[in-house]
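Visitor: Okay, here's the structure, questions in a sec.
The values are calculated or read from the model by the stated rules, or taken from the named source; none is laboratory data. Quick caveat, the model's predicted, so the values are computed rather than measured. Here Cβ is always computed from backbone atoms with ideal geometry, including for glycine, and neighbour counts include all displayed protein chains. Note: accessible area is taken over every heavy atom of the protein model, side chains too, but ligands, DNA and RNA are not part of it. Shrake-Rupley method; radii C 1.70, N 1.55, O 1.52, S 1.80 Å.
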Amino acid sequence: MAYASHIINHSKRLRNVPKLLRYDHAVLVRWFSNGAQSSVCKREDVAKIRPLGYASAERETVAKFVGSHPVSYCLSKKTLSGTVMRSGSPMRGVALSRRGFASDAGLKLNFAALMIAMGCYLFVNCSICLLRHLPNNANILKLLSGLPPHQEIGMPSLSPTMTEGNIARWLKKEGDKVSPGEVLCEVETDKATVEMECMEEGYLAKIIKGDGSKEIKVGEIIAITVEEEGDIAKFKDYSPPASDSVATAAKDSAAPPPPKQEPVEQPASSPEPKTPKPTSSPSEDRIFASPLARKLAEEHKVPLSSIKGTGPDGHIVKADIEDYLASRGKEVSAPTPKTKDAKLAALDYVDIPHSQIRKITASRLLFSKQTIPHYYLTVDTCVDKLMDLRSQLNSLQEASGGKRISINDLVIKAAALALRKVPQCNSSWTDDYIRQYNNVNINVAVQTDNGLYVPVIRDADKKGLSSIAEEVKNLAQKAKENSLKPEDYEGGTFTVSNLGGPFGIKQFCAIINPPQSGILAVGSAEKRVIPGSGPDQFKFASFMSVTLSCDHRVIDGAIGAEWLKAFKGYIENPESMLL
């Protein structure tokens, strides 16, 4: 029905059919009536039919058809003439003579014959338009396959950056009844493993992509559902038709051979610049070279025709011969490392296949380093007061049964407040403008056995330390269980990565997580000796190194320094975060 409605709405030929039937009926009644009518009026009737969207040229007579198919005793070849449709085109008009139509019966039969002819014409054109409007031959086969009504479930796009996914496991098996909201399977995306829910009620007739299926393109069919339980058996041997993407991939794979023809040694035609004059066949006598270069070429049996001169007017000089000999020496010595590599081939190793999270991490970080102009600002912050405040807060948390607050939780809070004070750092770059965010959403880097995840703490500047601590721990647990949902990691505006507390890294530079424009790398805290007020006085203090990676397209050096100053102020005076 969808195709039929599409044709009725969009076919130019069918758009004027109701007008044609309604208008031609009135014209034919006047033509076949017993009343007198002048030839001028008849020509006007024909002219009135033509503006309905039909051309006035390319006519053919229907006398042969009607003459060979008489309708009644009152019809004959002599009593009928007119202009009608040509094959595959609309009717151009009707101009029938009224001679020989002596009775109402004759009129009705002739009119019926014309309506039958017009019906046949419309049927043929509808069939042609239907075939033209079907998207491809696969849909025609689907209509003619005789399969019962069914729904093809494709690989969904579960994140903005997802182009392919893996099937972790199916929670339903073939033949099971499914209802809206029930989980069909678990899909491993580029970010996490997400549950895929059923959208319509029915039965799972066929699983196309089983457990562990890898690199399934978004939109590729993974399962079939049917409405009736009795239709399940009809899809036992069902296989989806080859998609256009497979065909294009085959064409792309067949495309590489042409480039192999390009390396045909056309550079060997380098004598062209050496012999600018269109003279006879090139020879060594026509190649210009210095005497020293010729002597050196003869000693080493080097053909001058294979060397491109770099001297004046393309002359070959001694340096050209020496460069050629040096390059040939490298080519000769090149096979020797291969023999060493052959000896090292006995090394024991294991090839670990790429996971989805590893592939997307690699592509995004490569994109970041290649397209974002990074620069780095490092500052040391004294954390003695911060650690004292943390001890006091944790004692209150233990008494109330809350989560313990970590140094990283305080860093997240300080970073969020600094972003609110310096909003230029809470922005991202686009080709047309710089987008500055009003929400301060902090992504927190979490390392797991499956890869690196960055769950987000939304509106961190408005949340208390207790809620931040609880949310970070819950999201970190989800990341380790590989159960993060898209809303758990999408929408961040700034990232904090801490390798100091868990791993003791003193200082490092992090890669910006696009489309963000900044990321803070947090190192470990260490005690240092600092001078006191007197010459022989000194004291100990704990300092933590932090490095801000900035996108220079968005954050100028002074703006980045201003943000670090604000961040350091919150860390060294943590009571100000509570205001």
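Visitor: More than 27 Å from the chain's Cα centre (by Cα), closer than 30 Å to Met162 by Cα and open to solvent by less than 60 Å² (accessible area, probe 1.4 Å): does that describe Val446?
Guide: Judged against the criteria, Val446 is not a match.
Visitor: Right, next: Can you tell me which residue is most open to solvent (accessible area, probe 1.4 Å) among those in the stretch 170-206 that are touching an Asp or Glu at 6+ places or on another chain (Cβ under 6 Å) and of a type in the set (A, V, I, L, M)?
Guide: Within the stretch 170-206, the match that is most open to solvent (accessible area, probe 1.4 Å) is Val183.
Visitor: Of the residues Val226, Val183, which single one is under 23 Å from Ser483 (Cβ atoms) and β-branched (Val, Ile, Thr)?
Guide: Val183
Visitor: I would also like to ask the following. Just to be sure before I move on: is Lys209 over 23 Å from Leu147 (Cβ atoms) and open to solvent by less than 70 Å² (accessible area, probe 1.4 Å) in the structure I sent?
Guide: Here the answer is no, as Lys209 does not meet what is asked.
Visitor: Now, a different point. For Thr547, work out the one condition from (1) farther than 23 Å from Arg420 by Cα; (2) in a strand (DSSP E or B) it doesn't fulfil.
Guide: Going through (1) farther than 23 Å from Arg420 by Cα; (2) in a strand (DSSP E or B) one by one, Thr547 breaks only (1).
Visitor: Give the stretch 372-392 a look and list any residue that's more than 30 Å from Ile511 (Cα to Cα), of a type outside the set (Ser, Thr, Tyr) and open to solvent by 40 Å² or more (accessible area, probe 1.4 Å), or say none.
Guide: The answer is Asp388, Gln392.
Visitor: Follow-up. Looking only at the stretch 200-229, which residues are assigned to a loop (DSSP other than H, G, I, E, B) and polar (S, T, N, Q)?
Guide: Residue satisfying the conditions is Ser213 alone.
Visitor: How many of the residues making up the stretch 524-536 are open to solvent by less than 100 Å² (accessible area, probe 1.4 Å) and either free of Cβ contacts under 8 Å to residues at least 12 places away in the same chain or in contact with a Lys or Arg (Cβ under 8 Å, 6 or more places away or on another chain) (or both)?
Guide: So the answer is 6.
Visitor: Quickly run through the stretch 449-465 and pick out the residues that are of a type in the set (A, V, I, L, M, F, W, C), open to solvent by 20 Å² or more (accessible area, probe 1.4 Å) and without any contact (Cβ under 8 Å) to a residue 60 or more places away in the chain.
Guide: Passing the criteria: only Val454.
Visitor: Here is a list: Leu158, Leu147. Which entry is farther than 30 Å from Thr361 by Cβ and either surrounded by 14 or more Cβ atoms within 10 Å (Cβ to Cβ) or modelled with pLDDT of 65 or more (or both)?
Guide: Residue meeting the stated conditions: Leu147.
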